[in-house]
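The values are calculated or read from the model by the stated rules, or taken from the named source; none is laboratory data. All values reported here derive from a predicted model rather than from experimental measurement. As a convention, Cβ positions derive from the backbone with ideal geometry for all residues, glycine included, and neighbour counts pool all protein chains shown. These area figures cover heavy atoms from the full protein model, side chains too; ligands, DNA and RNA do not enter into them. Shrake-Rupley method; radii C 1.70, N 1.55, O 1.52, S 1.80 Å.
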Amino acid sequence: MAGPEHRRRGDAALTVPVAGLRVAAEGTALHPRLTSTAITVASLLALIALWGVAAWGIDTPRTFPAPGRVAAIMWAEAADGTLLHHLVATLVRVALAFGISMALGVVLGVMLGTMPRLNRWLDPWVVVALNVPALVVIVMCYLWIGLNETAAIVAVSFNKTATVIVTVREGARALDRPLKEMAQVFGLSRLDRLRHVVIPQLAPYLSAAARNGLAIIWKLVLVVEFLGRPDGIGFQIHLYFQLFEVPFVMAYALSFIIVMLGIEYGIMQRIEDRATRWRRAVAGDRTVA
């Protein structure tokens, strides 16, 4: 029969590989974000390289300029403040339309997802809103409200709100009813149930609606500016389109794409990671168990 000393040696022998596995797992967890960032940067650089090769092969700088030519125009427009002025105007419109559409879409989505009778009445309205062409909504808002900021923001917000409703409605339908009942049994207040039960379950749907919404809204804002605003990236693209200045069109388009990529990778993905962290922790606990 093994004595205490023998058991201690056996426990120590088991501890070493387990500790080594733990260190290896922690080390592996440090690298995914760095690896993902490196892959993203490499992918974007490959895209720029492909653009450069295509421009060299086509060899028509006036209609398909090389990256260096577009970058030079961006630098010149940024240096005299023109680019910043129009970029800020566009970003303000994006922020306003995004905030309005998310607020309305989340409230209506939760209501429709948790109230089946209301959903039966209003679902046809949502379907109509989803299928009305965005260009028609923009034109009609300009005709009804006028060529002003209110019409621009209303048009963009309307076009996006319906998609937010659909996404959040599915999340509200998937809420865990036993978890809600348990929270009521333990006497959690409405605010606590919202913070600790409802919002964590809706977080993946909210982040998906936000990311998709932002991608759609900035495109719609450019269309709104193209058709009826006196400033913004869309306005500049329209101006240089009329002058057939393709390098300037590409420079303004690329400048806004760069900003939106920064928002996507620097803000939206971080929010999504934070919102879904609890799901990964639960999945890890189940795996260990």
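Brief remarks follow.
- Residue within segment 261-276 that is in a loop (DSSP other than H, G, I, E, B) and at pLDDT 75 or above present: no
- None of Phe244, Phe256, Phe226, Phe248 is open to solvent by 50 Å² or more (accessible area, probe 1.4 Å) and either closer than 26 Å to Ala151 by Cβ or assigned to a helix (DSSP H, G or I) (or both) except Phe226.
- The residue pairs whose first member lies in segment 78-93 and is under 16 Å from Leu222 (Cβ atoms), whose second member is part of a helix (DSSP H, G or I) and among the acidic types (Asp, Glu), and whose beta carbons are closer than 7 Å, counting only pairs six or more residues apart or on different chains, are Leu83/Glu77; Thr90/Glu225.
- Scanning segment 81-93 turns up no residue that is within 26 Å of Gly52 (Cβ to Cβ), outside any helix (DSSP H, G or I) and out of contact with any His (no Cβ under 6 Å at 6 or more places or on another chain).
- Scoring Leu45 on the criteria (1) closer than 19 Å to Phe248 by Cβ; (2) open to solvent by 90 Å² or more (accessible area, probe 1.4 Å); (3) in a helix (DSSP H, G or I) leaves a single failure, condition (1).
- Ala281 meets all of the listed conditions (1) surrounded by fewer than 12 Cβ atoms within 10 Å (Cβ to Cβ); (2) modelled with pLDDT of 90 or more but one, namely (2).
- Qualifying residue in segment 57-76 (condition: within 30 Å of Thr150 (Cβ to Cβ), among the small types (Gly, Ala, Ser), out of contact with any Pro (no Cβ under 6 Å at 6 or more places or on another chain) and open to solvent by 40 Å² or more (accessible area, probe 1.4 Å)): no
- Residues of segment 128-184 that turn out to be within 25 Å of Asn212 (Cβ to Cβ), outside any helix (DSSP H, G or I) and of a type outside the set (Val, Ile, Thr), as a count: 4
- Residue selection: Lys180 fails the criterion of being under 21 Å from the mean Cα position of the chain (by Cα), charged (D, E, K, R) and either over 30 Å from Ala66 (Cα atoms) or surrounded by 14 or more Cβ atoms within 10 Å (Cβ to Cβ) (or both).
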